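The values are calculated or read from the model by the stated rules, or taken from the named source; none is laboratory data. No experiment lies behind these values; they were computed from the predicted model shown. Here the Cβ positions follow ideal geometry from the backbone for every residue, glycine too, while neighbour counts run over all protein chains shown.
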Amino acid sequence: MKRFILKILYFLIFVLALMSIIELSIPQQYITYRSWEAFKIGSKDLFTGPFYPNKKIIRDEYGDLAHHTDYSVLKKNITWQTDELGFRNEKVIDSPDLIFLGTSNIAGCSVSQEQNISSRVSQLSGLSSYNMAPYSFLEFTRLLNAGVIKKPKVLIFGLIERALPYLYVSKMEEEESWVKSNYIRLKNTTPFQSCATTIDHISKRNFQHFATARVNNSTGNGIQSTINNKMFYFQGKNAKIEATDEVVGYNVDIITKYRDFCKREGIEFIFFPVPNKETIYYEYVPFEKQPIYLKKLHIGLKNQNINAINTLELYNKEKPNTLLYHYDDTHWNTNGIHLVAKEIHQLLKKMNLKKL
């Protein structure tokens with residue numbers, strides 16, 4: 001019996017070792033439809049940033065909503081590069097003028113590095129810009145308190161509309177003691193990063209997911225419009241947020257606390273929401289009327305004197321002239337990014353920052 005158990009154990013060890021070798025030996029660009037899935041970390045505890053550090057790739061990509069279908073749209077020569085902290089930048093900037101924070105749209109999912117929002121604003125303004133997305137406000141304060149990053153002149157916080165009801169705030173000035181320990185510095189050393197990347201890479205099992213998906217002929221998880229078959233959505237009719245005074249007031253209160261924290265730290269604060277694709281192209285969902293959540297949110301933010309960009313109004317004006325989101329992806333495209341970048345640039349000018 002003992003020998004039988006040992007044989008089973010050896011067999012399992014062999015299988016696990018073989019699977020690990022396969023996962024590590026196959027380049028991720030060959031088994032993922034875009035770089036986000038290849039570089040995004042699985043375990044936050046092992047890394048500082050959201051992506052594997054010190055990576056660079058130029059590749060063709062497809063959107064997350066319709067890949068492996070007749071409606072997928074090829075996006076050529078998409079550049080992805082991460083710095084030594086694991087953020088989507090060429091290098092860590094010691095004292096950036098601007099830090100961009102927020103969700104995947106801010107990181108530039110499905111656009112090339114030079115076209116994401118932080119790069120476009122830097123190109124327009126001449127200011128140094130550092131992209132920390134996807135990253136929460138709380139995570140930002142932890143790195144700030146730990147001395148890993150330094151205060152920027154301006155913090156620019158952008159969130160996809162569907163993430164807004166889930167905002168939270170804590171005692172940001174009294175963060176846990178672990179951020180002041182040596183652990184956060186250890187995570188950014190080369191030996192630790194190499195080991196962590198290997199462990200995380202194996203645990204993600206990308207090749208296993210890829211093989212299973214191909215056997216099952218899996219495709220993108222998008223919801224196809226019944227009116228325009230080229231248009232795919234992430235949530236469809238479930239994307240609509242009930243614009244009650246309670247929900248809107250909750251979000252305004254938290255964003256105000258973010259602004260107040262920055263004010264105490266001597267940092268200017270800019271906020272902008274990225275509308276859900278369903279909100280802008282509501283007629284293809286279809287909704288009878290455009291959801292009004294962002295309209296009410298903007299009114300609340302302006303009443304608190306927060307530097308906020310009315311992206312809903314901006315997009316509604318431009319929508320008849322150009323496509324603002326990828327047909328086959330959740331995220332905005334370069335047209336949508338450039339519109340917001342120009343508005344941020346104009347707002348920065350009013351702040352009398354240098355190099356404008």
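Selection of the stretch 54-72 for residues being free of Cβ contacts under 8 Å to residues at least 24 places away in the same chain and either over 25 Å from TYR135 (Cα atoms) or assigned to a loop (DSSP other than H, G, I, E, B) (or both) yields ASP60, ASP70.
Assessment of the stretch 196-210 against the conditions (outside any helix (DSSP H, G or I) and on the phi < 0 side of the Ramachandran plot) yields no matching residue. Of all residues in the stretch 294-320, which are assigned to a helix (DSSP H, G or I) and either β-branched (Val, Ile, Thr) or touching a Leu at 6+ places or on another chain (Cβ under 8 Å) (or both)? Listed by number, the residues that qualify are LEU294, LYS295, LEU297, HIS298, ILE299, THR311, LEU312, LEU314, TYR315, GLU318. Please indicate, with yes or no, whether at least one residue in the stretch 264-282 is β-branched (Val, Ile, Thr) and either at positive phi or over 23 Å from the mean Cα position of the chain (by Cα) (or both). Scanning the stretch 264-282 turns up no residue that is β-branched (Val, Ile, Thr) and either at positive phi or over 23 Å from the mean Cα position of the chain (by Cα) (or both). If I filter the stretch 286-295 for residues that are under 30 Å from GLU37 (Cβ atoms), free of Cβ contacts under 8 Å to residues at least 24 places away in the same chain, surrounded by 15 or more Cβ atoms within 10 Å (Cβ to Cβ) and not basic (Lys, Arg), do I get at least one hit? Looking for residues that are under 30 Å from GLU37 (Cβ atoms), free of Cβ contacts under 8 Å to residues at least 24 places away in the same chain, surrounded by 15 or more Cβ atoms within 10 Å (Cβ to Cβ) and not basic (Lys, Arg), one finds none in the stretch 286-295, hence no. For SER110, state whether it is small (Gly, Ala, Ser) and surrounded by fewer than 19 Cβ atoms within 10 Å (Cβ to Cβ). No.
The listed residues are PHE261, PHE269, and the only one of them that is under 30 Å from ILE149 (Cα atoms) and either part of a strand (DSSP E or B) or in contact with a helix residue (DSSP H, G or I) (Cβ under 6 Å, 6 or more places away or on another chain) (or both) turns out to be PHE269. The condition of being modelled with pLDDT under 95 and in contact with a strand residue (DSSP E or B) (Cβ under 7 Å, 6 or more places away or on another chain) does not hold for PHE157.
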